[in-house]
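The values are calculated or read from the model by the stated rules, or taken from the named source; none is laboratory data. None of these values were measured; they are calculated from a predicted model. Note: ideal-geometry Cβ built from the backbone for every residue, glycine included; neighbour counts use all protein chains shown. Each accessible area value is taken on the protein alone, full model and side chains, heavy atoms only, with ligands, DNA and RNA left out. Shrake-Rupley method; radii C 1.70, N 1.55, O 1.52, S 1.80 Å.
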Amino acid sequence: MNSYYLWTIGCQMNTADSDRLGAALEELGVQQVEKAADADVIVLNSCVVRQGAEDKVVSNLAWMAPLKKEQPERIVALMGCMVGPKSDELAKRFPYVDVFMRPQQFEPLLEMVGERLGVDWEGCIGPLAPNRPDISCHVPIIHGCDLMCTFCIIPYRRGRQVSRPVEEVALEVETLAARGVKEVTLLGQTVDAYGYDLPGQPNLVDLFTRLDRVEGIERIRFLTSHPKFMTQDIIQAVADVPKVCEHINLPVQAGDDGILDEMRRQYSRADYIKLVGRIRETMPDVALNTDIIVGFPGETEERFQQTMDLLAELRLDKVHCAAYSTRPGTIAFRTMDDAVPEDEKTTRRQRIDQQQEEIQTEINGKLVGTYVEVLVEGRRKGKWQGRTRSHKLVFFEDEANHLGSLVQVKIERSSPWSLSGTLAVEAKLLNPVSPEINRGED
Ligand code: SF4
C-alpha cells in the first residue's frame, strides 16, 4: 500500500479537502502518483452542484471498475458532495467502491489504509496542511451552511455550519507560512458568517486580526460571502487590516426580487445595491465579484432583464454566470418546474458574459499606465504571472526568479481577463522560496 491517486472536481473547498487528504496519506507514507492504474489507493473527490459535474464523476467512476477487478486489494474511495448521509444507494450502484466519505470526512479511508499498513493512523497524523503548497493556498474555515437556498444541494451534502476555532486556523496558516506560502484564501460557503456557531462567537474580523500577525503571510483573501452576513465591521476590517485584500466575492445570483424570493436568498435587489454602495463608500477601489444563475424556474425575459440591468448599473469586476441545473432533493427540485429551455439558458448566459466583457474591458483599461503590486505565483508561457490585491491577473517578463515575490509592475496592456506590463522595481524581495513550494512552471 505505497501509492495514491487523487482526482478532484468542483470548488476550491474540494481542492482544499483533497490537498489535506493527500497530506494525511503522505504522513502514513503513501506517495502520490499521476495515474490511477499505478495507485494502490484511488480517491475520487466529487461535486454534484450541477448535472454536468455529476456526469463527469459517474463516467470516471466507471473507469475504476476494471482497475479494481485487475487488482482486488486496491482501495477505491468516493468522497465529496456526491456522498450524502445515506450511501446505500451509491454502494448498490458502484459495488466496486470500498469506502464512501462525505466532504471532509477522511477517517473511514485513513482507518482502512492504517489497517492495511498495520499502523494506528490517528497516532501518525498531525494538523493537516498541504505538504507541497502553492504560493497562494486555500484554507477552509467553515464547513457546511445554515442557509437553505432553494436551488442548492450543499446543505444536504456538507451539513450545517461548523466553524474551525481561530487558533486551529492560525496554526494551519503558520504551518503553511513555514512551507513558503505567501497568501491564504479563507474558504466557506458563507465565509462572512464565520464564528456564529463558536463559543464566544469570534467573527471574521477577529480571524483577520489574528492571521494578520502571522509572519511570512503577505496577503489574506476570503470567499464566498453572503450579503446577509456582510456587516459594516467586516467591510471596515477589509479596508483597515493591512494584509486583507480589497477584493470581495459577493454572489447576488439574480436581479429580480421575485426570483430572489423563490431562491430564498433573504435579501432584495435594493438591499444588494445598498450593500455594494456601503462597500464602495468604505473602499472606492475595492474589487467586487459576483455569481449569477440564469434560467431559474419562473425566470421570464422581463425578470432576466432585471439581472442584466442590475449588472449594467453596478459594473462589477467579475461575474461567474451559470445556467440553473435542477438538483434532486433540493426545494426547487421538489416544488418548481425547470421550464426555461436549455438553449434559452445558454443564450442568457452568453448575453451576461458579453455585457460583462465590455464592462471588464473598461475597468481593466483604466489600469493602463498605472503601477500595481503583484504577488508572483508562477510562470505561464515563459512569462511570470501573479495577482494584484484586487485579484487582477498580471503577466510580465523578466530573467530573474520572482516566484513568491511582491513586485511593482507598470501596466501597459489590458484585456477583459488580464493585464500585462513591465517590472518597475522589486518592491520587496520576500524570504527565498522554500524547496517545498510548488514552482508552478508551465
Ligand atoms: S448560501 Fe445558499 S447557495 Fe450558498 S452554500 Fe448555502 S445554501 Fe448553498
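Residues are listed down the side, and each one gets a yes or a no for (1) open to solvent by 40 Å² or more (accessible area, probe 1.4 Å); (2) out of contact with any Asp or Glu (no Cβ under 7 Å at 6 or more places or on another chain):
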position: GLY180; (1), (2): no, no
position: GLN189; (1), (2): yes, yes
position: LEU211; (1), (2): no, yes
position: VAL214; (1), (2): no, no
position: HIS247; (1), (2): no, yes
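For the range 229-237, the count of residues that are over 30 Å from GLU377 (Cβ atoms) and in contact (Cβ under 8 Å) with a residue 40 or more places away in the chain is nonzero.
So if I check each of ILE293, ILE273, ILE259, which one is open to solvent by 10 Å² or more (accessible area, probe 1.4 Å), within 16 Å of the ligand (Cβ to nearest atom) and either closer than 28 Å to ARG389 by Cβ or outside the structural domain of GLN51 (by TED's automatic domain parsing) (or both)?
Going through ILE293, ILE273, ILE259 in turn, just one is open to solvent by 10 Å² or more (accessible area, probe 1.4 Å), within 16 Å of the ligand (Cβ to nearest atom) and either closer than 28 Å to ARG389 by Cβ or outside the structural domain of GLN51 (by TED's automatic domain parsing) (or both): ILE293.
Against the list (1) open to solvent by 40 Å² or more (accessible area, probe 1.4 Å); (2) at pLDDT below 95, the condition SER434 fails is (1). Pairs are defined by a Cβ separation below 9 Å, a sequence spacing of at least 6 or placement on different chains, a first member in the range 178-199 that is over 17 Å from HIS138 (Cβ atoms) and among the aliphatic types (A, V, I, L, M), and a second member that is away from the ligand (no atom under 13 Å from the Cβ) and not in a loop (DSSP other than H, G, I, E, B); the pairs so defined are ALA193/SER163; ALA193/LEU204; LEU198/SER163; LEU198/VAL166. Checked against (1) surrounded by fewer than 23 Cβ atoms within 10 Å (Cβ to Cβ); (2) closer than 23 Å to ASN289 by Cα, GLY386 passes all but condition (1).
Return a yes/no flag: does the range 209-217 have any residue that is closer than 17 Å to THR388 by Cα and modelled with pLDDT of 95 or more. Yes, the range 209-217 contains a residue that is closer than 17 Å to THR388 by Cα and modelled with pLDDT of 95 or more.
The set of residues in the range 128-170 being within 16 Å of the ligand (Cβ to nearest atom), in a helix (DSSP H, G or I) and free of Cβ contacts under 8 Å to residues at least 60 places away in the same chain consists of PRO155 alone.
All of GLN104, GLN51, GLN71 fail the test of being in contact with a His (Cβ under 9 Å, 6 or more places away or on another chain), open to solvent by 20 Å² or more (accessible area, probe 1.4 Å) and not acidic (Asp, Glu), apart from GLN104. Considering the range 342-419, the qualifying strands (runs of 3 or more DSSP E), each wholly inside and each with 1 or more residues that are under 27 Å from LEU250 (Cα atoms) and without any contact (Cβ under 8 Å) to a residue 40 or more places away in the chain, run over 371-380, 383-387, 393-396. Determine whether SER59 is open to solvent by less than 40 Å² (accessible area, probe 1.4 Å) and hydroxyl-bearing (Ser, Thr, Tyr). The answer is no for SER59. For the range 120-158, the set of residues classified as among the β-branched types (Val, Ile, Thr) and either under 21 Å from the mean Cα position of the chain (by Cα) or at pLDDT 85 or above (or both) consists of ILE135, VAL139, ILE141, ILE142, THR150, ILE153, ILE154, listed by residue number. For the criterion of being surrounded by fewer than 14 Cβ atoms within 10 Å (Cβ to Cβ), in contact with a helix residue (DSSP H, G or I) (Cβ under 7 Å, 6 or more places away or on another chain) and assigned by TED's automatic domain parsing to the domain that holds MET263, GLY329 passes.
Only one of the listed residues (VAL252, VAL244, VAL238) is within 16 Å of the ligand (Cβ to nearest atom) and under 23 Å from the mean Cα position of the chain (by Cα). That residue is VAL252.
Strands (runs of 3 or more DSSP E) fully within the range 171-257 that include at least 1 residues being of a type in the set (Lys, Arg): 219-223.
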